[in-house]
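Accompanying notes for the structure given below.
The values are calculated or read from the model by the stated rules, or taken from the named source; none is laboratory data. Quick caveat: nothing in here was measured; it's all calculated off a predicted structure. Here Cβ is always computed from backbone atoms with ideal geometry, including for glycine, and neighbour counts include all displayed protein chains. Accessible surface areas use protein heavy atoms only, side chains included; no ligands, DNA or RNA. Shrake-Rupley method; radii C 1.70, N 1.55, O 1.52, S 1.80 Å.
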Amino acid sequence: LTLDLNGHTLNGGQEKGKPALTVTARVVTVRDSSEAQTGTIMREDTAENSGVSSHYVIDVQGNGWLKFESGKVTNESGIVGVKGASLVRVGDDSVAKYPGLVINGGSFRQDNFIAIKVDRGYLTLNDGTISSANSYAIENWFSAAIKGGTVNGTVASWTYSGGSNSTTTIIDGTINGNVNSVNYGNAVGKTAK
């Protein structure tokens, strides 16, 4: 299935618990064929509704795979270090499925909370830009590979006592920010590589 934004906006508004785009059971390709490259997927979350009704803009779950070719994904969710909703979530740590997100172009921006959160699944960044000025650009709890593109913000692998080991592989591309490994709660026998 291909979703061509063609310069248009897919807007999830501020509806509680509902992403603008959910991918659960197939391969979906998103692109923007417009000359001006104005195609956008967004929600209208703000600091005021963060942690109340804010939600993911894109949620990739189950057996879903999202291939993102071009376009923009944006939201204003988040109060730095306090609460918010990730811009994109891949997988759910409580569900034994491993969906994926492959980014071949486009831009993802959310400045005050996590831009891309890999709960349980796979992220591959081949090209494009992921940005978070004040939070994690990529927060990986399972598997992330940066093979190209640009990341503006912190990249981190995380693990905890009830979670998986996580691996973030950086092969190429540009990271304008820190690279962290976090063992939340000093979980014995768990690694965040």
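Of the residues making up the range 41-76, those that are surrounded by fewer than 23 Cβ atoms within 10 Å (Cβ to Cβ) and of a type in the set (Val, Ile, Thr) number 3. Looking only at residues of the range 78-99 that are under 13 Å from the mean Cα position of the chain (by Cα) and in a loop (DSSP other than H, G, I, E, B), we find that the one that is nearest to Gly162 (Cα to Cα) is Asp92.
Candidates in the range 22-42 are the residues that are in contact (Cβ under 8 Å) with a residue 40 or more places away in the chain and hydrophobic (A, V, I, L, M, F, W, C); of these, the one that is farthest from Tyr98 (Cα to Cα) is Val30. Looking at the range 164-186, is at least one residue in contact with a Gly (Cβ under 6 Å, 6 or more places away or on another chain) and either crowded, with 21+ Cβ neighbours inside 10 Å or closer than 21 Å to Gly12 by Cβ (or both)? No, because not a single residue in the range 164-186 is in contact with a Gly (Cβ under 6 Å, 6 or more places away or on another chain) and either crowded, with 21+ Cβ neighbours inside 10 Å or closer than 21 Å to Gly12 by Cβ (or both). Scanning the range 136-156 for residues that are within 12 Å of Leu125 (Cα to Cα) and assigned to a loop (DSSP other than H, G, I, E, B) turns up Lys147, Gly148, Gly149.
Gln61 meets all of the listed conditions (1) under 19 Å from Gly153 (Cβ atoms); (2) without any contact (Cβ under 8 Å) to a residue 40 or more places away in the chain but one, namely (1). Would you check if Ala96 is farther than 15 Å from Ile138 by Cα and either of a type in the set (Lys, Arg) or out of contact with any Gly (no Cβ under 6 Å at 6 or more places or on another chain) (or both)? For Ala96, the condition - farther than 15 Å from Ile138 by Cα and either of a type in the set (Lys, Arg) or out of contact with any Gly (no Cβ under 6 Å at 6 or more places or on another chain) (or both) - is met. In the range 1-28, the residue that is farthest from Val80 (Cα to Cα) out of those that are assigned to a strand (DSSP E or B) and open to solvent by less than 20 Å² (accessible area, probe 1.4 Å) is Val28. Hey, can you tell me all the residues within the range 157-188 that are part of a strand (DSSP E or B) and touching an Asp or Glu at 6+ places or on another chain (Cβ under 8 Å)? Listed by number, the list holds a single entry, Trp158. The one condition from (1) buried (at least 22 other Cβ atoms within 10 Å of the Cβ); (2) closer than 29 Å to Glu48 by Cα that Ile146 does not meet is (2).
Residue-wise test of (1) among the aromatic types (Phe, Trp, Tyr); (2) under 25 Å from Gln37 (Cβ atoms); (3) at pLDDT below 95.
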{"site": "Ser94", "(1), (2), (3)": "no, no, yes"}
{"site": "Arg109", "(1), (2), (3)": "no, yes, no"}
{"site": "Ser131", "(1), (2), (3)": "no, yes, no"}
{"site": "Ala144", "(1), (2), (3)": "no, no, no"}
{"site": "Ala156", "(1), (2), (3)": "no, no, no"}
{"site": "Ser161", "(1), (2), (3)": "no, no, yes"}
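I need the full set of residues from the range 100-126 which are closer than 22 Å to Ser161 by Cα and assigned to a loop (DSSP other than H, G, I, E, B), in order please. Answer for the range 100-126, where residues must be closer than 22 Å to Ser161 by Cα and assigned to a loop (DSSP other than H, G, I, E, B): Ile114, Asp119, Arg120, Gly121.
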